[in-house]
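Beneath this line is the structure, given in structure tokens, with notes to follow.
Each value in this text was obtained by applying a stated rule to the coordinates, not by laboratory testing. Computed from a predicted model, the values in this text were never measured in an experiment. Here the Cβ is made from the backbone with ideal geometry for all residues, glycine too, and neighbour counts use every protein chain on show.
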Amino acid sequence: MKQVFYLIAVVFVTVVVATAQDRTITGTVTDNDGSAVAGAIVKVKGTKTGTYSRSNGGYTVKAAEAHAAFVAAVKASLARTGVSDADATAFMAQANVDPGATALTLENIMTQKYVAMYTQCESWTDWRRTGFPALTAVRGNEVPRRFPYPQSERLYNTRNMPAGLTIFSRVWWDK
């Protein structure tokens, strides 16, 4: 289970994607608390290629190797939820899910991370940070960007509460 977590963590982290075939993908391995994991084995499933995360959790993988890790992580996520191998293969055959090693983008990765973790707060934070996947507002024309201030703050701490903020106002790092 720990290996599956690290594989998913390796693929579903901040990834820098370039456009060249021989591009290099970099990212950071983190634990559930968001702390960097040093010395984590980052291995491309089904190959002899691998690396270790550095002291800051950072790693570097070539694009073709990253694609193999992406495919393995998506299949592991589907298997964890009980999806059959045949259905997982059919899902991965869709061009919008797996565009191939040369066309894999941050949008593809973040969309599959959202599918795997849609009940977790991190998926909402990732959407605010990257804009992926494209979300559709259920009511109105906006998706909430922040939690509302608690009622106790609005009642008893009015001097320190910013005026004019709504759940649609961007937080300081999201501007």
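For A103 and V83 in the same chain, what is the full-extension length gain: residue separation times 0.36 nm, less their Cα-Cα distance, in nm?
4.7 nm
What number results when the radius of gyration of the stretch 48-107, computed over Cα atoms, is divided by 2.2 N^0.38 Å?
Output field value: 1.28.
Figure the gain on full extension for R139 and Y156 (residue separation times 0.36 nm, minus the Cα-Cα span) and round it to one decimal in nm.
3.1 nm
Rank these for me by crowding, R146, R159, going from fewest to most other beta carbons within 10 Å.
Listed from fewest to most nearby Cβ atoms, that is R159, R146.
Take the Cα radius of gyration of the stretch 136-175 and divide it by 2.2 N^0.38 Å, with N its residue count; two decimals is plenty.
1.34
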